[in-house]
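As structure tokens, the structure follows; a few thoughts come after it.
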Amino acid sequence: MSETLEDLLRESRSFPPSAEFTAQANAKPGIHAQAEADFQGFWHRQALDRIDWYTPPTEILDDSNPPFFKWFSDGELNLSYNCLDLHLESSGNKVAYHWVGEPGDTRTITYQDLYDEVCRFANALKSLGVSKGDRVAIYMGMIPELSVAMLACARIGAVHSVVFGGFSSDSLADRILDADAKVVVTQDGAWRGGNVVPLKANADVSLARTPGVESVVVVRRTDHGVDMTEGRDIWYHDLMEDKSAECEPERLNAEDPLYILYTSGTTGKPKGIVHTQGGYLTGVTTTHSFVFDLKPDDDVYWCAADIGWVTGHSYIVYGPLANRTTGVMYEGAPNHPDFDRLWHIIEDYGVTIFYTAPTAIRAFMKWGDEYPARHDLSSLRLLGTVGEPINPEAWIWYQKHIGPESCPIVDTWWQTETGGIMISPLPGVTATKPGSATMPMPGIAADVVDEEGNSVGIPGGGFLVLTRPWPHMARTIWGDDQRYIDTYWTRFPGRYFPGDGAKRDEDGYFWLLGRVDDVMLVSGHNISTMEVESALVSHPAVAEAAVVGRKDDLTGQAIAAFVTLRGTAEGDEDLIAELRQHVSDHIGPIAKPKSIVFTPDLPKTRSGKIMRRLLKDISEHRKLGDVTTLANAAVVEEIARKSDAAGDD
Ligand code: ATP
Ligand code: MG
């Protein structure tokens with residue numbers, strides 16, 4: 001396996017698209033070039049073709065006050081109308097979501113069902129005094145009512161702030177306060193790994209700190225008992241009882257806010273990213289359709305993210321519904337009751353498109369090839385990934401064990417702030433290379449620059465920048481315009497800086513290297529943590545690896561590696577020596593980790609991303625900073641203990 005990978009990388013050989021996709025590509029040639037010739041015209045066309053406007057926009061980009069760009073600012077629309085009403089006549093009985101509960105219960109929700117429920121909940125929110133511009137915090141698990149709550153807000157012009165159900169009461173309270181939410185929607189409990197996460201009880205702790213909240217709506221999902229506070233808390237089913245299933249959608253301006261979503265917090269205090277209506281819907285419908293080569297009448301599409309992250313907002317709710325997609329939504333853990341749960345669902349529903357994260361793929365690899373092998377996954381025709389750079393080894397495993405091997409993989413780079421996919425192959429159009437997100441999307445322009453902001457050319461590595469505005473870009477950080485300017489628009493004036501490092505190879509393909517803060521400087525050489533991690537992961541014993549640069553008197557920084565092993569492999573001194581040699585063979589002696597610590601798990605954010613700043617703190621014996629956004633805080637102590645015990649080589 002690692003030899004195959006080696007060959008692929010060394011020769012930089014591409015996976016050509018399958019015959020089927022090539023045929024499709026020929027039907028729409030030169031899409032990137034067409035968009036590039038007139039990017040504003042391109043986006044205007046998408047906006048007019050994909051959205052049903054009350055007032056179609058004539059203005060395209062307003063760049064009179066950078067970096068506060070506006071798009072389609074004389075247009076009027078409603079997103080819930082575009083996601084629901086518009087489809088009723090032709091597709092009222094079409095399934096919007098096949099929903100699968102963790103304990104095994106299922107629900108089939110048609111577009112008509114969703115429309116009725118959204119209208120009723122929109123009326124319910126109105127009855128609680130929510131009106132246009134008010135903020136509603138939503139703290140829920142993956143149940144259909146989460147989508148309903150978001151779309152009901154969109155229908156009446158309220159701004160939703162979804163807080164991932166895995167967050168603690170402190171995180172929830174911070175987010176409620178920051179957005180000054182008036183209503184909270186939650187549920188008694190959410191199923192996860194066979195247990196009930198007590199969402200309402202968590203919310204109660206937050207609510208003690210948030211006097212501005214007037215009402216709390218509670219969906220009943222489990223039999224988990226909850227305390228209801230008289231005059232503030234109300235059951236969803238009681239509230240909905242007398243509400244009409246008709247609710248006139250609000251006519252909203254394209255630039256009215258749609259939602260606030262806090263970034264995952266991998267690098268520090270989360271930022272309340274603000275997205276607006278018209279540009280956002282244009283971006284998510286366009287990218288969803290292009291990247292997944294979507295055929296709404298044939299596909300069964302499954303984005304296995306949580307709606308609490310931007311991936312779920314854009315690619316479980318708004319993009320797919322506006323595109324009239326039939327989707328799958330799964331409530332629980334991927335290893336419950338067994339490690340093949342996801343493959344079971346793919347087989348049951350004949351899923352054709354599957355979109356997940358590298359962290360999940362590495363977990364599947366660790367659990368073993370036998371689990372996907374138990375199921376017929378031949379319905380799949382396209383695989384996607386998002387969230388972190390994907391190690392080439394994981395990319396190849398994904399294609400080999402999940403897709404029928406002809407399945408293209410779309411590695412999609414984007415972030416909360418970009419609203420939608422920015423760099424990604426288009427199936428049938430872009431030949432792929434394992435580990436590369438390939439090319440900017442049509443209408444998007446990106447570059448790689450050096451410290452001074454000069455393009456480094458091709459090939460070359462440095463800082464990723466986006467060189468012009470796009471419709472679905474964030475408009476600001478909620479309540480903090482200055483932080484928006486400072487974080488994204490100051491380091492390279494006139495360009496958007498996402499905070500990620502990248503390189504381009506001789507074909508101009510983009511390889512994302514993770515956050516620039518994660519780049520190490522060892523004896524004067526820039527080494528990306530991502531590259532050392534991928535080298536470690538390509539060793540057959542290694543499931544996952546995290547690498548950080550820690551202070552070193554001799555070399556400036558020294559490479560510290562934390563490694564989890566596959567299946568039954570045992571970590572000992574011999575394996576440490578072998579792994580150091582393996583990295584040296586792959587990248588060069590300079591990249592050899594100075595220390596390697598074996599650990600059963602790595603510290604991760606709740607979105608599953610490796611939290612390197614914490615490992616850096618451990619390696620440099622610092623007091624650990626904020627761990628509240630961590631998914632598995634317990635592992636940190638163990639790593640710290642082992643790290644202290646481990647000597648350098
Ligand atoms: P915070 O901004 O609070 O530190 P975060 O950056 O993890 O958190 P997200 O917006 O959820 O929050 O994640 C976006 C980031 O994830 C990107 O900036 C990039 O670092 C990484 N990422 C996403 N997709 C890819 C990909 N396909 N390849 C490489 N990196 C990716
Ligand atoms: Mg970020």
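Taking the Cα atoms only, what angle lies between the long axis of helix 169-179 and the longest principal axis of the chain, rounded to 10 degrees?
60 degrees
What size of dipole, in debye to the nearest 20, comes out for the chain about its Cα centre when the only charges are +1 on Lys and Arg C-beta atoms and -1 on Asp and Glu C-beta atoms?
Around 660 debye, computed over the chain.
With the other protein chains left in place, how much accessible area per residue, in square angstrom, belongs to the chain at a 1.4 angstrom probe?
Ligands and nucleic acids excluded, the figure is 36 Å² per residue.
Rounded to the nearest 5, what is the percent of antiparallel bridges among the DSSP beta bridges in region 522-645?
Percent antiparallel among DSSP bridges in region 522-645 is about 80.
Can you compute the FRET efficiency between ASP223 and HIS336 using 1/(1 + (r/R0)^6), with r the Cβ-Cβ distance and R0 = 30 Å? Round to the nearest 0.05.
Result of the calculation: an efficiency of 0.95.
Show that you can apply the helix-only estimate: for the chain, add -39,500 (n - 2.57) for every DSSP H stretch of four or more residues, divide by all residues, and state [θ] at 222 nm to the nearest 500.
Calculated at 222 nm, the ellipticity per residue is -8500 deg cm²/dmol.
To the nearest 0.05, what FRET efficiency results for HIS375 and ASP574 with a Förster distance of 45 Å applied to their C-beta separation?
0.75
Roughly speaking, what is the stretch gain from GLU248 to ARG483, that is 0.36 nm per residue apart minus the C-alpha to C-alpha distance, in nm to one decimal?
Full-extension gain reported as 80.9 nm.
Could you name the aspartates and glutamates in cross-link range of LYS400, using Cα to Cα under 14 Å and dropping any fewer than eight places away on the same chain?
ASP369, GLU370, ASP376
If the rule is a partner Cβ under 4.7 Å, which cysteines in the chain fail it?
Among the cysteines of the chain, those whose Cβ sits 4.7 Å or more from every other are CYS83, CYS153, CYS303, CYS407.
If a/c stays under 1.5 just call it rounded; otherwise compare a/b with b/c (prolate if a/b is bigger, oblate if not). Do that for region 522-645, with a ≥ b ≥ c from the square roots of the Cα gyration tensor eigenvalues.
oblate
Considering only Cα-Cα distances, which of the following residue pairs are longer than 19 Å: LYS126/LYS182; LYS366/LYS604; LYS551/LYS594; LYS366/LYS594; LYS271/LYS503?
LYS366/LYS594; LYS271/LYS503
Keeping the other protein chains in place, figure out the carbon and sulfur percent of the accessible area of region 60-194, with a 1.4 Å probe.
On region 60-194, the fraction of accessible area on carbon and sulfur atoms equals 43 percent.
In whole angstrom, how far apart do the alpha carbon centroids of region 207-239 and region 334-403 sit?
Using only Cα atoms to place each centre, the spacing works out to 37 Å.
If you take every DSSP beta bridge whose two residues both sit in the chain, what share of them, in percent to the nearest 5, is antiparallel?
Here the antiparallel bridges make up roughly 60 percent for the chain.
How much length is gained if the chain between LEU624 and ASN195 is pulled fully straight, taking 0.36 nm per residue apart and subtracting their Cα-Cα distance, in nm to one decimal?
My answer for the length gained is 151.5 nm.
What is the percent carbon and sulfur in the accessible area of region 403-553, measuring with a 1.4 Å probe over the protein chains and ignoring ligands?
Result for region 403-553: 49 percent of the exposed heavy-atom area is carbon or sulfur.
Could you check the simple spin-label distance between LYS126 and GLN40, using points 7 Å along Cα→Cβ, in nm with one decimal?
Once both label points are built, they end up 3.8 nm from each other.
For ASP552, what residues show an amide H to amide H distance below 5 Å, using hydrogens built from the backbone and excluding near sequence neighbours?
Amide H to amide H, under 5 Å and 5 or more residues apart or across chains, ASP552 pairs with GLN557, ALA558.
Would you grab the residues whose amide H sits under 5 Å from the one on ILE138? Only those 5+ places off in sequence or on another chain, please, with H modelled 1.01 Å from N.
The list, which skips near neighbours in sequence, is SER161, VAL162, VAL163, VAL185.
Once phi is turned into θ = phi - 60°, what whole-Hz ³J(HN,Hα) does the Karplus curve with 6.51, -1.76 and 1.60 give for every residue of region 425-438, x standing for Gly and Pro?
Once θ is set to phi - 60°, the couplings for region 425-438 become x, 9, x, x, 10, 10, 5, 9, 10, x, x, 10, 7, 6 Hz.
Given points 7 Å out from each Cα along the Cα-Cβ axis, report the THR490 to LYS295 separation in nanometres with one decimal.
Result: 5.1 nm between the two label points.
The values are calculated or read from the model by the stated rules, or taken from the named source; none is laboratory data. What you see is a predicted model; the values in this text were computed from it and never measured. Reconstructed Cβ throughout: ideal geometry from the backbone, glycine too, with neighbour counts over all protein chains shown. We work out accessible area using only protein heavy atoms, side chains counted, and drop any ligands, DNA or RNA first. Shrake-Rupley method; radii C 1.70, N 1.55, O 1.52, S 1.80 Å.
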